[in-house]
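**Q** Structure below; questions to follow.
The values are calculated or read from the model by the stated rules, or taken from the named source; none is laboratory data. The structure presented is a predicted model; accordingly, all values stated were derived computationally and were not measured. Ideal geometry is used to build each Cβ from the backbone, glycine not excepted, and the neighbour counts take in all protein chains shown.
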Amino acid sequence: MKNNLKRFLAIFMIGAVIMAFSACGQDTEKDAAKDAETKTASEKKQDTDKKEEKTKEEKKKDKEKTTKKSSEKKEEKKETSPDSKPSSGGNSSNSNSSSGNSSGSNSGNGQTSKEKGLSTIMSSILAGVDLPKVGNTTLSGDNFPAFAFIEKQDGYTGLASEALVGSIAHSVVLVRVPEGASAKSTAASIKANADPRKWICVEAEKTIVKYHKRTVLLIMSDAATANAIAANFDALY
């Protein structure tokens, strides 16, 4: 009887030990699975963070490119004359000059109104003329001879509109002389010194010099363009 009891107790203890080890193994497996899930979630979060950071960088670069392109377009628009409108150049027949070089004195139609600003005159005479891409330059003491072919004197002002491409011979210059100065004499000096080969590699087909009151006009371009601009100048007065 005692032996049977001892055997029972021994078997019970062995079973208890086995169950304890089994439970311990299950807990270990659960902990390992939990650690794996935690690691996977962490890795997913890192991947998500990396993707978000990459997306932010791409958006930032796209924004910088868009801003740069917008700035370049504004700069190009600023440098380009707003009066470069295409036309057939049909007004060339109204020019009173048919030779390669001419000078005209425009006495006007008896109007006594104040003279318009040079920028207003430039816009008017270029309107409707088929022009290359041009840009306006205000004349100062340094660049006066390069555009008007005379030295700047006290009270003289000027505005030039030239082709932005150096291989195109096109230049339109307006010079305003002060009260008391002779526009006729200034026009004669400009005509005598004007160089239609100032671009070296190309030469203007036609040169026209005109004046009205205190405003002198110099045109060096192809014949059709020069005639059209000269006709627009005549039409102002």
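**Q** Of all residues being of a type in the set (A, V, I, L, M) and in a loop (DSSP other than H, G, I, E, B) in segment 191-227, which is surrounded by the fewest Cβ atoms within 10 Å (Cβ to Cβ)? Just the residue, please.
**A** Among those residues, the one meeting the criterion is I200.
**Q** Which one of I208, I200 is modelled with pLDDT under 95 and under 33 Å from the mean Cα position of the chain (by Cα)?
**A** It is I200.
**Q** Please go through segment 139-190 and pick out each residue that is within 26 Å of the chain's Cα centre (by Cα), in a strand (DSSP E or B) and either over 20 Å from M220 (Cβ atoms) or not β-branched (V, I, T) (or both).
**A** L139, G158, L159, A160, S161, E162, A163, S171, L174
**Q** Out of T225, T207, T157, which single residue is touching a strand residue (DSSP E or B) at 6+ places or on another chain (Cβ under 9 Å) and either among the small types (G, A, S) or within 22 Å of G117 (Cα to Cα) (or both)?
**A** One residue alone meets the criteria, T157.
**Q** Still on this structure, please answer the following. Looking at the structure I just gave you, is A230 modelled with pLDDT of 95 or more and surrounded by 18 or more Cβ atoms within 10 Å (Cβ to Cβ)?
**A** yes
**Q** Looking only at segment 121-148, how many residues end up being closer than 25 Å to C201 by Cβ and crowded, with 20+ Cβ neighbours inside 10 Å?
**A** Summing the residues that are closer than 25 Å to C201 by Cβ and crowded, with 20+ Cβ neighbours inside 10 Å in segment 121-148 gives 8.
**Q** Another one. Is it the case that segment 161-170 has a residue that's touching a Ser or Thr at 6+ places or on another chain (Cβ under 9 Å) and among the acidic types (D, E)?
**A** Yes: segment 161-170 contains one or more residues that are touching a Ser or Thr at 6+ places or on another chain (Cβ under 9 Å) and among the acidic types (D, E).
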